Amino acid sequence: MAASGEKVAGVKCSSCHKLSDEKLVGPGWSGVTKRRTPVWIMNFITNPDPMIDKDPKLQAQLELCLLRMPNQSLNDTDARNVLEYMRQNDG
């Protein structure tokens with residue numbers, strides 16, 4: 001699953017996110033699976049707009065990044081694979 005997630009992330013995510021904690025356009029992914037639950041991550045990947053509109057932490061992040069995460073139209077399988085790739089990155 002992580003290998004499939006790496007492929008999806010390479011196409012859909014890597015132009016804005018790094019695997020480290022370094023901010024590119026969006027925040028780096030290092031440690032994200034330790035800070036957020038799998039349900040939260042999957043929901044954000046598949047439904048970023050409603051999450052940004054309702055989550056105060058995401059609204060604060062938006063103030064730092066100055067750009068909303070676009071909806072990449074990932075299905076649940078692709079989102080789960082990206083989550084597993086994030087987990088692998090976090091060790």
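The values are calculated or read from the model by the stated rules, or taken from the named source; none is laboratory data. Just so we're clear, the structure is a prediction, and the values are computed from it rather than from any experiment. Heads up: the accessible areas ignore ligands, DNA and RNA and are worked out on the full protein's heavy atoms, side chains in. Shrake-Rupley method; radii C 1.70, N 1.55, O 1.52, S 1.80 Å.
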#### Entry: Residue match in the range 70-77 (condition: in a helix (DSSP H, G or I) and open to solvent by less than 30 Å² (accessible area, probe 1.4 Å))
no
### Task
Please verify whether the range 33-42 includes one or more residues that are closer than 19 Å to GLY5 by Cα, charged (D, E, K, R) and under 11 Å from the mean Cα position of the chain (by Cα).
yes
### Leading residue by the ranking (least open to solvent (accessible area, probe 1.4 Å)) among those in the range 4-36 that are part of a helix (DSSP H, G or I) and basic (Lys, Arg)
LYS12
